[in-house]
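Colleague: Mind looking over this structure? Questions follow.
A short reminder: the numbers here are calculations on the coordinates, not readings from a lab. These numbers come from a predicted model, not from an experiment. Neighbour counts run over all protein chains shown; Cβ positions are idealised from the backbone, glycine included.
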Amino acid sequence: MFAVRSGEIAKNMSNLFNFNRLFIVIGNKAVTSPFNLNDMPGSAGRMDIMCRCVAQALFVSHGVRKDTAICLLLKGEPNPPKAILFKGDRVRYLAPDERNVGGIIRKALSVERIDDWVKSSPGVYVARRDLKALLEEVEDFDIFYLKEGGEDIRNIKFGNRVAFVLGDHLGVEKDDEELILSRSAGVVSLSPLSLQADQCIVIAHYELDRRFAGLD
Ligand SMILES: C[S@@+](CC[C@H](N)C(=O)[O-])C[C@H]1O[C@@H](n2cnc3c(N)ncnc32)[C@H](O)[C@@H]1O
């Protein structure tokens, strides 16, 4: 597979973060170069989890949530960290199956010059960002850390612009956790059980959807 030397620099940079709901998922071992789509749970560092998170963050029945974005923060070898942003208002040719999402992630990982956000597919942007830089970029969101044992989501008041940070199968490393806590509006629990990352996204959407529909 050929590397894409440079993608299209994201136009209207100030508009890149123009959504109201954001999920930031930390992929502790998710690889940062093009990977084998047939081995996403293995040699790609649990990229299958990242794919499921993208699908659950963006898709509803026969449509896409236009006010939502998801950012995958990939920390695996060989070239970490890389952030891949999927924007619901701009994605095209994206389907909810893992293989389709995996192909789009793989294409983003083939872009080489990523100091600024670069468009790798419609609605998909890649940049060299660590967690600190990413959290600074979304500082005008209310940032919540999703974690077992936090405050019950039903007791939390949410503003219009909300970002949730969560981990993969390995959770969130201590350094990352300290960084998140220093910037977050709170630690939020979704269930008395420890859930999979994509399940957390479904429940967070459900709770916010109810809130914004005036059902609670
Ligand atoms: C599969 S869990 C991680 C489990 C990992 N073994 C650990 O100990 O952290 C993936 C992520 O989902 C989020 N999560 C899981 N259960 C949760 C819950 N009940 N409430 C809020 N967030 C949860 C956390 O961000 C967690 O890092």
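Colleague: In the chain, which longest range has no chymotrypsin sites (Phe, Trp or Tyr not before Pro) that are both DSSP loop (not H, G, I, E or B) and surrounded by at most 11 other Cβ atoms within 10 Å?
Modeller: 94-216
Colleague: Here's a follow-up. Quickly work out the K157-to-L193 label distance, labels modelled 7 Å from Cα along the C-beta direction, and quote it in nm with one decimal.
Modeller: Between L193 and K157, the label points sit 3.2 nm apart.
Colleague: In the calculated pair distance distribution of the stretch 17-216, what percentage of Cα-Cα distances lie above 32 Å?
Modeller: 9 percent
Colleague: Note the angle between two axes, namely the Cα long axis of helix 174-183 and the longest principal axis of the Cα atoms of the chain, as a number of degrees from 0 to 90, rounded to the nearest 10.
Modeller: Once rounded, the angle reads 60 degrees.
Colleague: If you take every DSSP beta bridge fully contained in the chain, what fraction is antiparallel? Give it as a percent rounded to 5.
Modeller: So the antiparallel bridges amount to about 45 percent of the total.
Colleague: Dipole of the stretch 17-216 (Lys/Arg Cβ +1, Asp/Glu Cβ -1, origin at the Cα centre): which of P41, N100, L181 lies farthest to the positive side?
Modeller: Towards the positive end, the residue furthest out is N100.
Colleague: Of L146, V165, S121, which is farthest along the charge dipole of the stretch 28-184 in the positive direction, counting Lys and Arg as +1 and Asp and Glu as -1 at C-beta?
Modeller: Toward the positive end, the furthest listed residue is S121.
Colleague: Another question, then. Need the full-extension length gain, E148 to V202, defined as separation in residues times 0.36 nm minus the C-alpha distance. One decimal, nm.
Modeller: 17.9 nm
Colleague: Here is a further query. Going Cα to Cα from K66, which lysines come in below 21 Å? Please leave out same-chain ones fewer than 8 positions away.
Modeller: Within the straight-line limit of under 21 Å, K66 reaches these lysines: K11, K87, K119.
Colleague: Rounded to the nearest 10 degrees, what's the angle between the helix 197-212 long axis and the longest principal axis of the chain, both from Cα atoms, 0 to 90?
Modeller: For 197-212 against the chain, the angle is about 50 degrees.
Colleague: Using the alpha-carbon atoms, what tilt in degrees (0 to 90, nearest 10) does helix 47-58 show relative to the longest principal axis of the chain?
Modeller: 60 degrees
Colleague: In nm, to one decimal, how far is the H169 label point from the D39 one, both placed 7 Å along Cα→Cβ?
Modeller: Each label point lies 7 Å from its Cα, and together they span 1.5 nm.
Colleague: Now for a different question. Would you please name the GluC sites (Glu not before Pro) within the stretch 130-216 that are DSSP coil residues with at most 16 other C-beta atoms within 10 Å of their C-beta?
Modeller: When the GluC sites (Glu not before Pro) of the stretch 130-216 are filtered for loop state and at most 16 Cβ neighbours within 10 Å, E139, E173 remain.
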